[in-house]
Amino acid sequence: MISDYVGYELKIEPRYRKIAIEIFNDSVDSLYTIEEFARQFYSRFKNKPEMLTRMVDLLLMASMENDSFRDRKKQKVLKAVEIFGLSKEEYENIKAGYLKDTDKYYKILGVSTQSSNREIRRKYLELVKQYAPENIEEDDLPQEFIQSADDKLQEIREAYRAIKKERGGF
C-alpha cells in the first residue's frame, strides 16, 4: 500500500520512490525517532521541496490509520514539518485532505470528537442562545451584524445536525 501510494498518488519518480520507501520503512521498523528519520529524509531531499511536502502527506496518511490522529502522532508529524521547514499553512493544506467533513462541524461548535453527546448538546444550546435573532436584535445592531449572526446560527445548526447524524442521533 505504501509503495503504491508513494509511486502513484504522490507521483514520485522511480529513482526517488525507492529511496522514499526505504526511508519510510526504516522509520516504521526502527528504534530511531521521527526527528532522526526526518533529518535523514531532509538531508537527501532538501533541494526538492515537493518531496518534502509529499513525505508529510505520506506521514499523515500513515498516521491517520483507523481515523485517529491522536496528539502523539500529530506531534511526530509536526516535528517532521518543522525539520522540513514547511510553514504552518503548508501543513494545514496537506492535512485538510485527510479531515472528515464532520471534523469541521466539531470545530464550529467548539467541541472535540471525544466530547460526550451531552457536552455537544450543551455547547450547541449555548451557541444558539448567543446567536438567536431575538438576542441580537435587542442590541440595536446594524443589519449586517444581524445577517452575520443569522448566518452563524445556520452554520451552528448545520454542524449540530451533521454531528447528530454521524453519531446516530442523541
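Summary of values
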item: Extreme residue, farthest from LYS46 (Cα to Cα), among residues of the range 80-109 that are out of contact with any helix residue (DSSP H, G or I) (no Cβ under 6 Å at 6 or more places or on another chain) and not charged (D, E, K, R); result: TYR106
item: Residue tally, condition among the hydrophobic types (A, V, I, L, M, F, W, C) and modelled with pLDDT of 80 or more, over the range 61-109; result: 10
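The values are calculated or read from the model by the stated rules, or taken from the named source; none is laboratory data. Predicted, not measured: the structure shown is a model, and the values here were computed from it. Counting neighbours? That spans all protein chains shown, and the Cβs are built from the backbone with ideal geometry, glycine included.
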